[in-house]
Amino acid sequence: MTTPTPQPALHPAPTHPLTFSRTTATATRVLRQLSHDPRTIALLMLIPCVMLFLLRYVFDGSPRTFDNIGASLLGIFPLITMFLVTSIATLRERTSGTLERLLAMPLGKGDLIAGYALAFGALAIVQSALATGLAVWFLGLDVTGSPWLLLLVALLDALLGTALGLFVSAFAASEFQAVQFMPAVIFPQLLLCGLFTPRDQMHPALEAVSDVLPMSYAVDGMNEVLRHTDMTAAFVRDVVIVAGCALLVLALGAATLKRRTA
């Protein structure tokens, strides 16, 4: 009678501290891959600009309407596009087995998430600068405050979209499912953010829900720049909340990141 060979004990994958070199290496790899995908680059850079351009001339006979909602959409469009591209790109890495191979190396989940955030954050800077410049200096968006503050909020919104995309990609099994998360994650925020009606005029239950949604503070921050010449306390609050939500969602994304789909 032969003695069964003992099986080696299974140990959890080792965790690695977040390091600058591994994070930047991940960001460089992601940017290199995106450079070979012109359609994705076009989606990121051109779609917000095209949407703002169309919106301006939809309201050609009522420029004040564009002024009232243009600043809000300047933050919403980058958030939506970054959410879509990031969620699909991350899921593609996992379904192809790339994430599994990367995480078998001395690369922690935090390095991976931070690298993706850094790469897409760099693209978000360009995207936000293009959209803000187009709206303010070409389409004539009338802003009382500094355009640089508009750019700051637009950039934070794009980073929030990146964080949300990284987070929801952990719960999708295909690229189609990743797109399906958009109605669940983005559309409720779009309806409740105050774009269509002031939040204080909504049903009290919906107003309470809107108070915990980050897009509400993104729109509020844009409106503060639209109406005030100086940086207000409300603007600082809105910026801090949007940035804090982005960091929180990134942390959740690192905690829930899977090596591959089931």
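The values are calculated or read from the model by the stated rules, or taken from the named source; none is laboratory data. In this text the structure is predicted, and so the values were computed from the model without any measurement. Here the Cβ is made from the backbone with ideal geometry for all residues, glycine too, and neighbour counts use every protein chain on show. For accessibility, only protein heavy atoms count, side chains too; no ligands or nucleic acids. Shrake-Rupley method; radii C 1.70, N 1.55, O 1.52, S 1.80 Å.
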Helices (runs of 4 or more DSSP H) contained entirely in the range 149-262, each with at least 1 residues that are more than 15 Å from Thr86 (Cα to Cα) and modelled with pLDDT of 90 or more: 187-192, 204-210, 214-227, 233-256
Every residue from the range 20-34 that is over 11 Å from Ala119 (Cβ atoms) and without any contact (Cβ under 8 Å) to a residue 60 or more places away in the chain: Phe20, Ser21
Filter the range 49-68 down to residues that are of a type in the set (A, V, I, L, M, F, W, C) and open to solvent by less than 40 Å² (accessible area, probe 1.4 Å) and give me whichever is farthest from Ala124 (Cα to Cα). Phe66
The condition from (1) over 20 Å from Leu247 (Cα atoms); (2) open to solvent by less than 10 Å² (accessible area, probe 1.4 Å) that Tyr116 misses is numbered (1)
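Residue check: is Thr28 surrounded by fewer than 20 Cβ atoms within 10 Å (Cβ to Cβ) and either of a type outside the set (Ser, Thr, Tyr) or at pLDDT 80 or above (or both)?
On the way: surrounded by fewer than 20 Cβ atoms within 10 Å (Cβ to Cβ): yes; either of a type outside the set (Ser, Thr, Tyr) or at pLDDT 80 or above (or both): yes.
Yes: the conditions hold for Thr28.
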Just to be sure, is Asp142 surrounded by fewer than 24 Cβ atoms within 10 Å (Cβ to Cβ) and not basic (Lys, Arg)? yes
Against the definition (out of contact with any His (no Cβ under 8 Å at 6 or more places or on another chain) and surrounded by 21 or more Cβ atoms within 10 Å (Cβ to Cβ)), how does Ala218 come out, yes or no? yes
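Looking only at the range 69-79, which residues are β-branched (Val, Ile, Thr) and buried (at least 20 other Cβ atoms within 10 Å of the Cβ)? Reasoning before the result, please.
Let us first name the residues in the range 69-79 that are β-branched (Val, Ile, Thr), namely 69, 76.
The answer is Ile76, and nothing else.
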Consider the range 185-235. How many of its residues are more than 15 Å from Ser72 (Cβ to Cβ) and of a type in the set (Val, Ile, Thr)? 5
Looking at the range 190-208 only, could you name the residues that are open to solvent by 50 Å² or more (accessible area, probe 1.4 Å) and among the small types (Gly, Ala, Ser)? Ala205, Ala208
Lone unmet requirement of (1) at pLDDT 80 or above; (2) out of contact with any Asp or Glu (no Cβ under 7 Å at 6 or more places or on another chain); (3) open to solvent by 10 Å² or more (accessible area, probe 1.4 Å) for Gly110: (1)
